[in-house]
Amino acid sequence: MFRVAPLRPGRRLLAAATAMTTPLLPEDFLGLIDPLWSTTQLRGRVVARRRETDRAVSVTIEPGRDWDGHRAGQYVRVGIDVDGVRHWRSYSLSGPQDADHLTITVQAVPDGIVSQKLVRDLPIGTIVQLEQAQGDFVLPDAPSPLLMVTAGSGITPVMGMLRTLDAAGAVPDVVVVHSAPSAEDSIFAAELAAMAERRSGLRVITRHTGEQGRLDLAELDELVPDWRDRDAYVCGPSELLDAAGTHWAATPDRLRVERFTAPARSTGGSGGRVEYGDRAVDVEPGTSLLEAGEAAGVLMPSGCRMGICFGCVLPLRDGQVRDLRTGDVHGEPGDLVQTCISGASGTARLDTP
Ligand SMILES: Cc1cc2nc3c(=O)[nH]c(=O)nc-3n(C[C@H](O)[C@H](O)[C@H](O)COP(=O)(O)OP(=O)(O)OC[C@H]3O[C@@H](n4cnc5c(N)ncnc54)[C@H](O)[C@@H]3O)c2cc1C
Ligand code: FES
């Protein structure tokens, strides 16, 4: 004969709560009491902020219980409300991968909506929206000699990797070549120097571009003579990434890059009037359909904002659009348009969610 095992006290309470709260689940109420308990939306609470430079802060976030953790080098999409409008941006995780809390390090860009908010005005306790960590800018399981070439805030995913290796006591042969305008602007400079003192495998070469000028990758022959024998990780402004693509053209599988900003846009084009559902918006030449829609208050899906993730696609009902990277005009009714890298070319209509 089967016996039904008695419920443990916690389960009994939950079962009772479920019976009392049906058709809502207890989690729905717990999500109201503590936003981090929500099972429908992943959220995080800002628990610490640390100033890194005049323009950069590290923000530590306690994630909701559904957070799956991350691999060093990955990034997280953060949704944050600025003047009542939710904006999503991606930030690399600068903390070690086994940490309970996640840390992002943000450098304010001039006129940047989200980065200025994160750097200047984000009180402890703020609730932010999160997605699970993403990205394949991660270390291989058994790292060979490594070369990290970073500039500005491009150091953040590399810092996540170095902190992870350091915490595991296993820093392999790594050379970091990091550029920043000045010593004061160099994020993590003191920690990198201390780590290099402690770990014989790590060599850090710092470039202050304000005094020494920008790094020309041809200089690697002198700075890191065995650069060809290393797995290279490059993160920084578009020009650096484009130059890296050319520099490693003969051995592209040795190179991994992480892009923070979209490649340069082609100039020209006519712009035009685009209907987003029932809303008509005039889109200037060179402005993306995503930016124009957001500016007009249309609820737009988005992701990487640079043509990689397809998180921003909307169906084209009619008309054509212009690829802002190439200048090509294209489109058939029913095509899915990447709104972050497409502009207007005359009139068009998009279906909105
Ligand atoms: C995978 C990934 C990881 C990223 N990791 C980090 C990170 O660790 N730290 C970090 O600070 N940023 C990171 N970024 C960039 C970040 O997502 C935002 O783009 C950046 O904070 C600017 O957002 P904003 O809302 O302040 O600027 P917006 O209001 O979107 O843009 C304002 C102006 O600044 C320009 N701009 C946008 N981004 C940059 C930039 N990065 N540098 C210079 N000009 C820019 C825009 O073209 C625009 O003219 C990452 C981006 C990606 C895709
Ligand atoms: S937002 Fe990622 S492709 Fe457009």
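When Phe137 is tested against (1) without any contact (Cβ under 8 Å) to a residue 24 or more places away in the chain; (2) within 25 Å of Ile61 (Cα to Cα), just one condition goes unmet, and that condition is (1). Pairing each residue of the range 297-326 that is within 16 Å of Ala344 (Cα to Cα) and open to solvent by 30 Å² or more (accessible area, probe 1.4 Å) with any residue that is of a type in the set (A, V, I, L, M) and within 16 Å of ligand 1 (Cβ to nearest atom), provided the two are 6+ apart or on different chains, yields C-beta distances under 6 Å for Arg325/Ile341. Annotation note: of Ala142, Ala167, Ala99, the sole residue that is more than 16 Å from ligand 2 (Cβ to nearest atom), among the hydrophobic types (A, V, I, L, M, F, W, C), open to solvent by 30 Å² or more (accessible area, probe 1.4 Å) and touching an Asp or Glu at 6+ places or on another chain (Cβ under 9 Å) is Ala167. Is it the case that the range 325-346 has a residue that's β-branched (Val, Ile, Thr), in a loop (DSSP other than H, G, I, E, B), modelled with pLDDT of 95 or more and within 16 Å of ligand 1 (Cβ to nearest atom)? The answer is yes, given that some residue of the range 325-346 is β-branched (Val, Ile, Thr), in a loop (DSSP other than H, G, I, E, B), modelled with pLDDT of 95 or more and within 16 Å of ligand 1 (Cβ to nearest atom). Within the range 104-126, being at pLDDT below 95, touching a helix residue (DSSP H, G or I) at 6+ places or on another chain (Cβ under 9 Å) and open to solvent by less than 60 Å² (accessible area, probe 1.4 Å) holds for one residue alone: Gly112. When Thr150 is evaluated against the numbered criteria (1) among the polar types (S, T, N, Q); (2) surrounded by 18 or more Cβ atoms within 10 Å (Cβ to Cβ); (3) at pLDDT below 95, which criterion, by number, is the only one it fails? The failed condition is (3).
Looking only at the range 78-96, count every residue that is of a type in the set (Lys, Arg) and either surrounded by fewer than 20 Cβ atoms within 10 Å (Cβ to Cβ) or over 16 Å from the mean Cα position of the chain (by Cα) (or both) and tell me the total.
1
Looking only at the range 237-267, which residues are in a helix (DSSP H, G or I) and free of Cβ contacts under 8 Å to residues at least 60 places away in the same chain?
Taking the range 237-267 and keeping what is in a helix (DSSP H, G or I), we get 238-247, 252-254.
Ser238, Glu239, Leu241, Asp242, Ala243, Gly245, Thr246, His247, Pro252, Asp253, Arg254 - these are the residues of the range 237-267 that are in a helix (DSSP H, G or I) and free of Cβ contacts under 8 Å to residues at least 60 places away in the same chain.
Between Asp253, Asp278, the distinction of being at pLDDT 90 or above and outside the structural domain of Asp221 (by the TED database) belongs to Asp278 only.
The values are calculated or read from the model by the stated rules, or taken from the named source; none is laboratory data. On a predicted model such as this, the values are computed, not experimentally measured, just so you know. We place every Cβ from the backbone using ideal geometry, glycine too, and count neighbours over all the protein chains shown. With ligands, DNA and RNA removed, areas are computed over all heavy atoms of the protein, side chains included. Shrake-Rupley method; radii C 1.70, N 1.55, O 1.52, S 1.80 Å.
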